[in-house]
Amino acid sequence: MRETELSRGALEVRGQRLAWGARTYVMGVVNVTPDSFSGDGSPDAGRAIARALAQLAAGADILDLGAESTRPGHTPIDLEEELRRLIPVVRGVRERAPDAIVSIDTFKPDVLRAAHAAGGDVLNSIWGLDDRLCEAALECGVPVVLMHNKAVPIYERDVVDEVLTSLDAAARRAVAAGIPAERIILDPGLGFGKLPEHNIALLGALPRLVALGFPTMLGPSRKSTIGKLTGKDVEHRAFGTAAAVAAAALAGIDVVRVHDGWSESL
């Protein structure tokens, strides 16, 4: 047991208990998109459901379903298209894996509401919480992943200080709005509004993220920074990803978000 387990509590969803600080849990990515940067997405519901079940079989503790690509240069989709792609997959996963913890990767309040009604359990928002999304999260009673993001990768001061200050403030706003601290998970947002040197600095400062006192998540999987460090293309970054995951586990990060299956949690 890590020293932080008692202070950060646990997340209880669908009869499962994720004790923060006890170990690092695995979130398996399921992209319901034709244009994911990782190349593993598909808008076909049957293929997405099969991938979700494969992630669970490989040892994922949480599934993360997303129907809109967030890669650089992606084409945004409207609410109707996101729902058309996403909801059949959420329902299909819930029918086949009734006890699975299902995270919904969206920043649209109405997508969260519809996905929660279909069986989603957690909100994973790449843009944190604005007032409307916070209202929807409270309405649905879901835990939230708050990720740091920025439209332009320009930092007026140290990137680590800026990211951690922003995340801490966002978490405290969520607590003030009524979301319990143990249901607020902070993600520094590797690759989102950050250059490779920013990502490397954040990887080296993970203990400081953990020290904020909230549950934490890291998503290094197949990112371009891994490619720059290893010289590998996106399809051959599993070992680089594994090294970043190991660093995250060593630092005490609670959840790692990955594309590739793992035989057991860390």
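The values are calculated or read from the model by the stated rules, or taken from the named source; none is laboratory data. All figures in this text were calculated on a predicted structure; none of them were measured in a lab. Glycine also receives a Cβ, built like all others from the backbone with ideal geometry; neighbour counts cover every protein chain displayed. Ligands, DNA and RNA are stripped out before the accessible areas are found, and what is left, the full protein with its side chains, is counted by its heavy atoms. Shrake-Rupley method; radii C 1.70, N 1.55, O 1.52, S 1.80 Å.
Descriptive notes on the structure:
- Top-ranked residue of segment 176-196 - restricted to ones that are in a helix (DSSP H, G or I) and under 19 Å from the mean Cα position of the chain (by Cα), ranked as surrounded by the most Cβ atoms within 10 Å (Cβ to Cβ): 183
- Pairs with Cβ under 8 Å, 6+ apart, first in segment 54-65 and in a helix (DSSP H, G or I), second open to solvent by less than 30 Å² (accessible area, probe 1.4 Å): 55/28; 55/29; 55/30; 55/63; 56/28; 56/63; 56/97; 56/100
- Any hit, segment 136-155, residues being charged (D, E, K, R), at pLDDT 95 or above and open to solvent by less than 50 Å² (accessible area, probe 1.4 Å): no
- Selected residue (criterion: farthest from residue 219 (Cα to Cα)) from residues of segment 121-144 that are assigned to a strand (DSSP E or B) and of a type outside the set (Val, Ile, Thr): 123
- Any chance residue 160 is in contact with a Leu (Cβ under 7 Å, 6 or more places away or on another chain) and on the phi < 0 side of the Ramachandran plot: yes
- Test: residue in segment 69-89 that is touching a residue at least 60 places away in the same chain (Cβ under 8 Å), crowded, with 20+ Cβ neighbours inside 10 Å and farther than 30 Å from residue 208 by Cα: no
- Scanning segment 118-128 for residues that are under 13 Å from the mean Cα position of the chain (by Cα), surrounded by fewer than 24 Cβ atoms within 10 Å (Cβ to Cβ), free of Cβ contacts under 8 Å to residues at least 24 places away in the same chain and under 21 Å from residue 148 (Cα atoms) turns up at least one hit.
- Residue in segment 206-226 that is farther than 20 Å from residue 27 by Cα, open to solvent by 40 Å² or more (accessible area, probe 1.4 Å), in contact with a Lys or Arg (Cβ under 8 Å, 6 or more places away or on another chain) and outside any loop (DSSP other than H, G, I, E, B) present: no
- Within segment 83-100, the residues that satisfy the criterion of being part of a helix (DSSP H, G or I) and closer than 23 Å to residue 56 by Cβ are 85, 86, 87, 88, 89, 90, 91, 92, 93, 94, 95, 96.
- Residue within segment 101-109 that is of a type outside the set (Val, Ile, Thr), assigned to a strand (DSSP E or B) and either touching a residue at least 40 places away in the same chain (Cβ under 8 Å) or surrounded by 20 or more Cβ atoms within 10 Å (Cβ to Cβ) (or both) present: yes
- Residue that is farthest from residue 188 (Cα to Cα), among those in segment 233-266 that are at pLDDT 90 or above and open to solvent by 40 Å² or more (accessible area, probe 1.4 Å): 239
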